[in-house]
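The values are calculated or read from the model by the stated rules, or taken from the named source; none is laboratory data. Only a predicted model underlies this, so the values are computations on that prediction, with no experimental measurement involved. Cβ sites come from the backbone with ideal geometry, for glycine too, and all protein chains shown count toward neighbours.
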2 protein chains.
Amino acid sequence: MTNNRFDNKLSQTGLSFQPLYMQVEEHVKQLIVEQRWKPGEMLPNEFKLAEELGVSQGTVRKALNGLTGTKILTRRQGVGTFVSEHTNQHSLYRFYPIIRDGKTPELPKAELLSLTLIKAPKNVVSAFGAKANMKVFEVLRRRILNNEFCIFEKIYLPYVYFRELEGLEDLPHTLYHFYQTQFNLTVQDTTDRIKADIASAQDAKLLAIHIGEALLEVERIAHSIDGKIIEFRISRCRSDKYHYLVESK
Amino acid sequence: MTNNRFDNKLSQTGLSFQPLYMQVEEHVKQLIVEQRWKPGEMLPNEFKLAEELGVSQGTVRKALNGLTGTKILTRRQGVGTFVSEHTNQHSLYRFYPIIRDGKTPELPKAELLSLTLIKAPKNVVSAFGAKANMKVFEVLRRRILNNEFCIFEKIYLPYVYFRELEGLEDLPHTLYHFYQTQFNLTVQDTTDRIKADIASAQDAKLLAIHIGEALLEVERIAHSIDGKIIEFRISRCRSDKYHYLVESK
DNA sequence: AAGTGGTCTAGACCACGAC
DNA sequence: TCGTGGTCTAGACCACTTT
């Protein structure tokens, strides 16, 4: 067996054994979290990485291909391997499941209603699995599709990860790209819990609909690459002309 | 280049070129559709398949691993490669996203209300992208979780794929496994469109709730391995104690 | 033309499960 | 102990993109 920086006693015991290519995956992921390469940047080619890590090029390839599976990396033949960005068309829609009936997906605009630093309400604390005295930013937005309001959302962001939000007067429409570029927080996966509810007076006012109409309520928890919960949001969505799309494989 | 059964002129033109391992994937998938191996059966090992197809073992491996990605195959180290079944725990939950609030997933029971052969209504015809005179079986079911009715669903199955359903008095609870074993139709992926609606008098009666409560309405289209639409279903789900769960990566 | 990732092959060895 | 899939390496060649 060659001498490489991933050699360790565990490799021989079979107890906590991790295959080399998985160790490489973890290592590269960690380097990305530490911003050795930022989103959009190109990694060294397979042979250079292999030499640097003391493994074969084939092992590096398997690791890099694994990381494209989780959307952390993007590989382009003849060009190179890049840290994924939340900017390209595909990424932008990756976490936007609300579609106008009979249409193809389109990105909504967003109108910021407020951004305030508050003590987290109970449901938010529980979503984050955090301590009761947690401080969060509360972002209230209305989203606009087809020139009408379609979603009212409350977004909760932990103060500890988003300190620099304090005092901001406006936010970009594409929040996940903003998290990535400004806070080095890349949304890696989300869990949505979808319920139906009846429009309240507030819903009716904010979405220009009638009290009593049926709405979709979506509670989302978003995780970053390193597994932290970085966002909790509650979206109330018009359901007369819009739906939530899920494709399962 | 070796002489193998996948050699063809296209391989040299670069126009409709498909890598060998993809051709092997398609070939194996086709053999499964043709029932050379049925769900649950074991395939020959990598070397035998490689010899049979005239490619190297590494190429077969890449193809088989690709088919585990789409859940068509299951591989178990030390045991073999198997055609996936809709019976194991994981598969059973793969397409059941309705969860009781605060609980872990559990499989609902189903009560068959009716099974009739009808001329497909307009919305069903359009879901199948079919001709107006399409004949379908309409299955009406109530699903039971936590000892109460939680979902009322209408399921539409094309007569041409499901002839043998005619005259049946009862159906199993786990329909997708039933489709697979009785009709050689394996559900490969589903598209759900989720909306909110208000409970009608019929909903209220069938689900033992009140008129006017908010419900989730889920329209599902299910595709088989070879890409046919084999099922269209409309589910009306109680939303007071249940939600639809989506995990996106 | 140079440099990148993609494909294909070949062989050695390891880990796992069944017998 | 045997047969399976899993890992790791090595090298040749192909396809794509940029310069």
Odd one out for B:H210, checked against (1) in contact with a Leu (Cβ under 6 Å, 6 or more places away or on another chain); (2) over 24 Å from B:K135 (Cα atoms); (3) not hydroxyl-bearing (S, T, Y):
(1)
Would you point out the residue of region B:233-249, among those that are more than 7 Å from chain A (Cβ to nearest Cβ) and in a strand (DSSP E or B), that is surrounded by the most Cβ atoms within 10 Å (Cβ to Cβ)?
B:R238
Of (1) free of Cβ contacts under 8 Å to residues at least 12 places away in the same chain; (2) within 22 Å of the chain's Cα centre (by Cα), A:W37 satisfies all except one. Which?
(1)
Got at least one residue in region B:208-227 being within 10 Å of chain A (Cβ to nearest Cβ), among the basic types (K, R) and surrounded by 17 or more Cβ atoms within 10 Å (Cβ to Cβ)?
yes
Of the residues that make up region A:93-101, is at least one within 18 Å of A:G40 (Cβ to Cβ), out of contact with any Phe, Trp or Tyr (no Cβ under 7 Å at 6 or more places or on another chain) and modelled with pLDDT under 95?
yes
Quick one: B:L73 ticks every box in (1) within 20 Å of B:F178 (Cβ to Cβ); (2) within 18 Å of the chain's Cα centre (by Cα); (3) away from DNA strand C (no atom under 16 Å from the Cβ) except a single one, so which number is it?
(1)
Test of understanding: among A:H90, A:H86, which residue is surrounded by 17 or more Cβ atoms within 10 Å (Cβ to Cβ) and either more than 10 Å from DNA strand C (Cβ to nearest atom) or within 13 Å of chain B (Cβ to nearest Cβ) (or both)?
A:H86
Looking only at region B:177-201, which residues are free of Cβ contacts under 8 Å to residues at least 12 places away in the same chain and more than 14 Å from chain A (Cβ to nearest Cβ)?
B:F178, B:A201
Here are the criteria: (1) under 16 Å from the mean Cα position of the chain (by Cα); (2) of a type outside the set (K, R); (3) loosely packed, with under 15 Cβ neighbours inside 10 Å; (4) modelled with pLDDT of 95 or more. Tell me which single one A:G80 does not satisfy.
(1)
Quickly run through region A:71-87 and pick out the residues that are more than 30 Å from B:V218 (Cβ to Cβ) and assigned to a loop (DSSP other than H, G, I, E, B).
A:I72, A:Q77, A:G78, A:V79, A:S84, A:E85, A:T87
